[in-house]
Amino acid sequence: MGAQESHALPSPGGSPSGSRLLGSELAPRELVRQHRLRRETHGQAYDSVTVTSEVKSKESTDFKHLFSGTGRKHQLEVQIISARGLRNADWFGTSDPYCVCKVTGTEASFQTRTIDETTEPHWEETTTLDFYEGDTLVFSIFDADVGKEDDFLGMVEVPSCTVLPDGFEGELRLKQTSASGTDEVEAYLKLLITSKAHHDGRPPVRPEVPQRLYVTVLHAKNLRNADHAPGAGVSDPYVTCSLTEDDVVKASFNTETKKDTLSPVWNHTDSFAGFKDGMCLLFEVWDQDPFLRKDALGSARISFSQLAAAFKKESMFLKDLLLEDSGSRQAGLSVRVATAAVELTRLRKLATEEGLDQALEHHHAMKK
């Protein structure tokens, strides 16, 4: 991941879903494939590779391009071609979809025109965006409505390792496509992305690099049973993690739902860009019910000051949080939070011990 960024348009909200990474299944395998092909073709000169350039030794390999705003500046030409398989969100008629493209951690965005009465829109619209190695493109599709909030139809994220250095052409499966926020509706977005690097010898640096947090929801224990109907089993918990400022949600992600358990294990990792003083992480545990309103199973917060104290020691924040309003005195949620710097150190160590390919695959698999 990264997490869905806030904008003036409607967001999917607190609906459960699995991991939101879009090109994550494609990117690591394609990256490693290119690396191995170059190594087989050119020998030791290409024995170590980053996303945008080849280096001569593993000692000089760096992973900074994986983190927001830390890499070289490119100019992307993004063509939003079409979508297919979108759900019909209208009671009368058919959805009227439009697509919004954003670059995480920036104000850069682009919106297509609305195509009326279709679940198979063809936009074929193009924009040009400044894009740094480590950034992520977020594509969100909405159904335009009059007199009420536009309906969210799905989203997909494209990390820099998917589009750099050679661009991307093809379809990506959308996430959070159903009305409840799951991936049940099989829908796709077709894109054509080309990249033009700024070959000036001095890579431009973004003035303010967003702090990116890597948040892992590990597991919970002693949750209350919110399913009391005969034969209903026990709670089906999932977690919504939100980045908030002044009680306003700036970005969020959901874990997958675990069926019939009061001690769920998720091990779900996602990331947020733009973390700063005054913000906090809000964790809300819910019981997912297919036909009834979801039940709250407890919540917990981590403040900026709590994380800052851990990060001053260059360590990650790892803690068992006591859930409030849980209906159980012993209900708890275990989480881990790390900065990009901590993740960067971990990747370098992994590359030294197990090789570059393994480090890159682990970084992207962690976010699936």
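The values are calculated or read from the model by the stated rules, or taken from the named source; none is laboratory data. All of these numbers come straight from a predicted model, not from anything done at the bench. Using ideal geometry, Cβ is built from the backbone for each residue, glycine included, and neighbour counts are taken over all protein chains shown. All accessible areas refer to the heavy atoms of the entire protein, side chains included, with ligands and DNA or RNA removed. Shrake-Rupley method; radii C 1.70, N 1.55, O 1.52, S 1.80 Å.
Structural remarks
- Scanning segment 158-177 for residues that are part of a loop (DSSP other than H, G, I, E, B) and surrounded by fewer than 16 Cβ atoms within 10 Å (Cβ to Cβ) returns a single hit, 166.
- Being hydroxyl-bearing (Ser, Thr, Tyr), out of contact with any Leu (no Cβ under 9 Å at 6 or more places or on another chain) and at pLDDT below 95 is a condition met by at least one residue of segment 155-178.
- Pair list, Cβ < 6 Å and 6+ apart or interchain, from segment 252-281 residues that are basic (Lys, Arg) to residues that are assigned to a strand (DSSP E or B) and modelled with pLDDT of 90 or more: 258/237
- Against the list (1) surrounded by fewer than 18 Cβ atoms within 10 Å (Cβ to Cβ); (2) out of contact with any Asp or Glu (no Cβ under 7 Å at 6 or more places or on another chain), the condition residue 154 fails is (1).
- Of the strands (runs of 3 or more DSSP E) entirely within segment 72-119, those holding at least 3 residues that are of a type in the set (D, E, K, R) and open to solvent by 20 Å² or more (accessible area, probe 1.4 Å) occupy 73-84.
- Residue satisfying condition, being modelled with pLDDT of 85 or more and either part of a strand (DSSP E or B) or closer than 30 Å to residue 74 by Cα (or both), within set 217, 185, 146: 217
- Here residue 299 passes the criteria (1) crowded, with 22+ Cβ neighbours inside 10 Å; (2) at pLDDT 90 or above; (3) not acidic (Asp, Glu) except the one numbered (1).
Here's the yes/no breakdown for (1) at pLDDT below 85; (2) open to solvent by less than 20 Å² (accessible area, probe 1.4 Å); (3) over 29 Å from residue 158 (Cα atoms); (4) part of a loop (DSSP other than H, G, I, E, B):
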| position | (1), (2), (3), (4) |
| --- | --- |
| 259 | no, no, yes, yes |
| 271 | yes, yes, no, no |
| 291 | yes, no, yes, yes |
| 329 | yes, no, yes, yes |
